[in-house]
Amino acid sequence: MLRPLPLLTALVLTGPVAFGLLGTVLPAFGLLVPGADAPMAEALAWPGLPRALAVSVLSGVLSTLGALTVAALILAGWHGTRAFRWLERALSPLLAVPHAAAALGLAFLIAPSGWIGRIPATLFGWERAADLLILNDPWGLSLTAGLIAKELPFLLLMMLAALPQTDATARVAVARSLGQGRVAGWLKAVFPGVYAQVRLPVLVVLVFGMTNVDVAIILGPSLPPTLAVQVTQWMTDPDLTERAVAAAGGLILFGATLVVLTVWLGAERLVARIGRVWVWSGRGAPERVSRGLGLTLAGGSAVMVLAGLASLAVWSVAARWSFPDLLPEALTLRSWDRFGPDMAVTAGATLALAGAATLLSLVLAIGCLEAEHRFGLTLGQRALWLLYLPLLIPQVAFLPGLQLLPLSLGIGPSVWLVLAGHVVFVLPYVFLSLSGPFRAWDTRLARVSGGLGASRNRTLWLLRLPMLTGALLTAAAVGVAVSVGQYLPTLLLGGGRVSTLATEAVALSSGGDRRAIGVLGLGQSLAALLPFALALIVPAVLFRNRRGMRHG
Amino acid sequence: MRLALALTALLAFPALADTDPADWPAVEAAAEGQTVYWHAWGGSTATNDFIGWIGDRAAQKGVTLKHVKLADTADAVGAVLAERQTGWDTDGSVDLIWINGANFASMKEAGLLFGPFAESLPNWRFVDTEGKTVTTDFTVPTEGYESPWAMAQVVFVHDAARLSDPPRSAEALLDWARANPGRFTYPQPPDFLGTTFLKQTLIELVPDPAVLADPAAGDYDEVTAPLWEYLDELTPLLWRDGRAYPDSGPRQFQLMNDGEVDLAISFSPGEATAAIANFELPQTVRTYVLDGGTLGNASFVAIPYNSSAKEGAMVVADILLSPAAQLRAQMPDVLGYGTVLDMERLPREDRAAFEALDLGIATLSPDDLGPTLPEPHPSWAVRLADDWIRRYGVAQ
Amino acid sequence: MGDGLRIEGATLAQGGRRLLSLDAHVAPGDVLTLMGPSGSGKSTLLSWLMGDVPTAFRAEGRAILDGRDLTGLPPEARRIGILYQDPLLFPHLDVAANLAFGLPHGGTRTGRRAQVAAALEEIGLAGFGPRDPATLSGGQAARVALMRVLLSGPRALLLDEPFSKLDAGLRDRMRRLVFDRARAAAIPVVLVTHDEADAVAAGGRVTWL
């Protein structure tokens, strides 16, 4: 029962990626799609390619550097302070907010006629909004800012989880006693260790920044769009041969991702070398400036995302609301009446899909971890890279192929295919969030229980899993949040028949009815947040009389 | 190897009908219990509500209607194509598509459509086949492969509170833009409304619009030269200096509501009234047409050759043609779409209901709408959009 | 030569419960040994001297180092070095960079290199500069940690049970090294320990908490 699970998990993680890439490579070189003779040449000849590629790379690299820098500055300057706890509380829920919802909120906030721009407009009585290209700017700066705001909580929480393993508190104490300031000491003594722990998540952020579709559609430029968005457009062009061009474009983007990853890994070495020179020099860091900057940027991005969500909420109950009014003329529940019932049905389907994907992922993850515990079976040395594989390959590079190949085997788009696709993306996150607590469980308890005559299955079901209730629920919440946010896999693998809150929200964003977007964005955010709330509440209720089960 | 088999199957398989559309009782009997997946653009919440209403009517006939909301109609074309390419010739995922123009032309040409069925629908007898362009779609004969359900005509929308005397010709628009830079834009081609703006302007600028009825050929550059000249002048005067465009029609309305632009283009005479009713536009918004007339066309529904519920899809197409549905579509607070029916052919009480309809404050009466200009051959739209993207759609 | 370390009216409390109070003067080169059961607040007192009291504790009183009131100064400005049970060498830096970590800014690059090389030689680890700290033995690592503190030029040295993890033979040699060095540098030392042998080796005043 248990022994084949690690292998099965490895197949779940690598199979779809490999198949999908194959299904992309073939048409890219003129096979599989008739009538497309030289798709690669056509994609390379697209006049927008240089700019689209440049914006993709730029927004990916800058957003990763930005999020990483702000997360590091915050931890360096404020970890252990009251301000930090406030920030952590404000940022954590943002992790679960789906990208599309966060981006839609931000878009209304920063547009020249948006909430921020309406403040001077009201004060000075402007009738017309300023004609400034803030949103959808040609170099993708607002896209970059949006990505930073959304990825910051992810990196911050990943780094926070890595701190105990790097002995951070003691190292900072030593560094400061040796005369280094708080920020300089943390950066010199702790950051390298933390970075080593969060390196793969950082690369995931980098790849996501370069290749995402939903955020780039909403915040990114359109003349031309980023390469990932253009590939998606080619994929859905009425001219049928364009799908082969899409495959070629996806491949180009994949190639660019590989190049950027390689450069990034090289840059890591360079930074490490510069860091050593810095250590040798004995120089400090501009402490006050870095602390102020870190707090301002992190606080600012939390406030922006939260205000964006608030604007979604206000739009969802707004009657007429024209420029430059700061608030709607009146409040009404009409939008909820109009879109609420459909949204609830879609939310039910979304959560059912998310629940199934999460359950499957949990079974695989627990199976693997238990197999590792019992037989020392692991996915091998490269297990971690394997887990991250589906997250490190751009979705637009393998999802088109993943749609085409099953079709050729007689498997049409269906909810089952979508479920399988979701598992590919949910499993890594579930595994990663469960593996720490699972491995940290005191295995002496298993020996005690074995000594009392309990079988290993009994120990797993009655001892280990119940004791890990909190971790299991958190992993499940992470899984649900990831599934709720999936846009491209749902769209492509479901052939449009499977609609979830994510596909509905992005479909609506092209129409721009902010009231509907407000209802849907809030629904999507709630669907992702609810499981986290349960993960916090359930163990607290379950173990209210067990002090030994409380953490921290 | 099955892949190779699938590939060889690509060229074969003509569209086959399972139930004869002419035998309507048989169609209705077969439709009962079927689920119809209607792939239709989901960007307009007003349209989504209307489709929901049609679903209620379909349910009365035992047909379950599911609206698959598309960001772009081409998504559905792509889905059918993918199925065709892999030999998925029955039980396909798309049953009904809201379609017209280039999408229809390419699907019809590739043999991806079921039919002919449209003229066998019972409600076809009410359709105005003479006065309205319902049997050709962008000059391509429909030949019963798609059924019309709404008439559309280009109108321009302005906020009378900010702009009382809007420009009524391409030249006037350019003059106005010179005086008011940054206050006009159009949806970014290849969005159909953006492409429509290009076609509308082209018709006005070419010396002889008759050439547009034929497929674009060797004279393309010569014919379109005045358009590009015009756009080269207009673009820097557009919203955001022409460095960004709204991605759809409703998004353009949002810009108007946000005070970012003063003028917008719409393909539905009643859309502005519906948008006012839904709080999406200020109450001071009005519509108008250009002095030289504006483009008009029809919206259709078509059934893919491999649909799993062709009979159910035909029942839905027929419901769309029913006087009740047509009346509802024309109500200004629902859709405000023009009807495809001929008033003369309708029973008296239905005609009375249409005549009693209050079109709303921002909707022009059929007389005020004036003459509709015929759509150019679809090849023009495709080349115009491609050309536009090449000229203005990638980094400048 | 400074005045050494003065602790005036130091009191530590946790949740309203008073843990300890202390008044002391440690002259340069002298050692003050603090002994007491776990939970008596010894280590917290050291944290207080470092300027880094955990939030659960409340501390009052003041510490004066060479005439300078430390109240309100951040840890990095206090110039107080500390050694823990674990050497806490930074694993991503080689041995030489670990030593260079505490060198005050200034001087030439070659000068700093030479300073580190000389320090390694002094603790019998000449040529160990490029080594990965993880490959050092316990005694070697402890010596590097000591030298790292001394190179930072501290005005006082705190020892938080620094010998307890070393095996017996090594422990004795390490004690001698640390106290000799501290005396040579003429800086006051505060030692917190469980081990009476530590107190004896330190040779200074012993205070029971």
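Taking the criterion of being assigned to a helix (DSSP H, G or I) and touching a strand residue (DSSP E or B) at 6+ places or on another chain (Cβ under 9 Å), the only residue of the range A:291-323 that qualifies is A:V314. Is it fair to say A:T232 is away from chain C (no Cβ under 14 Å), within 23 Å of the chain's Cα centre (by Cα), modelled with pLDDT under 90 and part of a helix (DSSP H, G or I)? Here the answer is yes, as A:T232 does meet what is asked. Can you tell me which residue within the range C:14-24, out of those that are within 16 Å of C:L209 (Cα to Cα) and in contact (Cβ under 8 Å) with a residue 12 or more places away in the chain, is surrounded by the fewest Cβ atoms within 10 Å (Cβ to Cβ)? By that ranking, first place goes to C:D23.
Filtered by the rule that a residue be over 19 Å from A:G294 (Cβ atoms) and polar (S, T, N, Q), the range A:167-201 gives A:S177, A:Q197. When we screen B:P167, B:P116, B:P190 for residues that are more than 27 Å from B:I319 (Cα to Cα), out of contact with any strand residue (DSSP E or B) (no Cβ under 7 Å at 6 or more places or on another chain), at pLDDT below 95 and not basic (K, R), the only hit is B:P190.
When you scan the range A:34-52, how many residues do you find that are part of a helix (DSSP H, G or I), within 13 Å of another protein chain (Cβ to nearest Cβ) and surrounded by fewer than 20 Cβ atoms within 10 Å (Cβ to Cβ)? Residues flagged as part of a helix (DSSP H, G or I), within 13 Å of another protein chain (Cβ to nearest Cβ) and surrounded by fewer than 20 Cβ atoms within 10 Å (Cβ to Cβ) within the range A:34-52 amount to 4.
When the criteria are applied in full, B:L121 meets the requirement of being buried (at least 22 other Cβ atoms within 10 Å of the Cβ), away from every other protein chain (no Cβ under 12 Å), over 19 Å from A:R497 (Cβ atoms) and out of contact with any Pro (no Cβ under 6 Å at 6 or more places or on another chain).
Contact map, the range C:181-209: residues that are touching a residue at least 60 places away in the same chain (Cβ under 8 Å) and on the phi > 0 side of the Ramachandran plot paired with residues that are assigned to a strand (DSSP E or B) and crowded, with 21+ Cβ neighbours inside 10 Å, Cβ distance under 7 Å, separation 6+ or inter-chain. Pairs shown: C:G203/C:V31.
For the range A:137-153, a residue qualifies if it is outside any helix (DSSP H, G or I) and surrounded by 24 or more Cβ atoms within 10 Å (Cβ to Cβ), and exactly one does: A:G140.
Here A:G340 clears all of (1) within 14 Å of chain B (Cβ to nearest Cβ); (2) out of contact with any helix residue (DSSP H, G or I) (no Cβ under 7 Å at 6 or more places or on another chain) except the condition numbered (2).
Residue-wise test of (1) within 23 Å of the chain's Cα centre (by Cα); (2) over 18 Å from A:A72 (Cβ atoms); (3) crowded, with 18+ Cβ neighbours inside 10 Å.
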site	(1), (2), (3)
A:R288	no, no, no
A:G292	no, no, no
A:L297	yes, no, yes
A:V303	yes, yes, no
A:L312	yes, yes, yes
A:A319	no, yes, no
A:L326	no, yes, no
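Only one of the numbered conditions (1) out of contact with any strand residue (DSSP E or B) (no Cβ under 8 Å at 6 or more places or on another chain); (2) at the interface with chain A (Cβ under 10 Å from one of its Cβ atoms); (3) at pLDDT 90 or above is violated by C:D52, and that is (3).
Apart from one condition, B:A172 fits all of (1) closer than 27 Å to B:Y220 by Cα; (2) crowded, with 18+ Cβ neighbours inside 10 Å; the exception is (2). Restricting attention to the range C:106-137, the residues that are of a type outside the set (A, V, I, L, M) and either in contact with a Leu (Cβ under 8 Å, 6 or more places away or on another chain) or away from chain A (no Cβ under 14 Å) (or both) add up to 12. Tell me, please, whether a residue that is within 13 Å of B:I303 (Cα to Cα) and of a type in the set (V, I, T) can be found in the range B:48-69. Taking every residue of the range B:48-69 in turn, none turns out to be within 13 Å of B:I303 (Cα to Cα) and of a type in the set (V, I, T). Taken across the range A:247-270, residues that are within 14 Å of chain C (Cβ to nearest Cβ) and of a type in the set (A, V, I, L, M) do not occur at all.
The values are calculated or read from the model by the stated rules, or taken from the named source; none is laboratory data. Small disclaimer: the values here were computed from a predicted structure and weren't measured. Backbone-built Cβ (ideal geometry, glycine too); neighbour counts: all protein chains shown.
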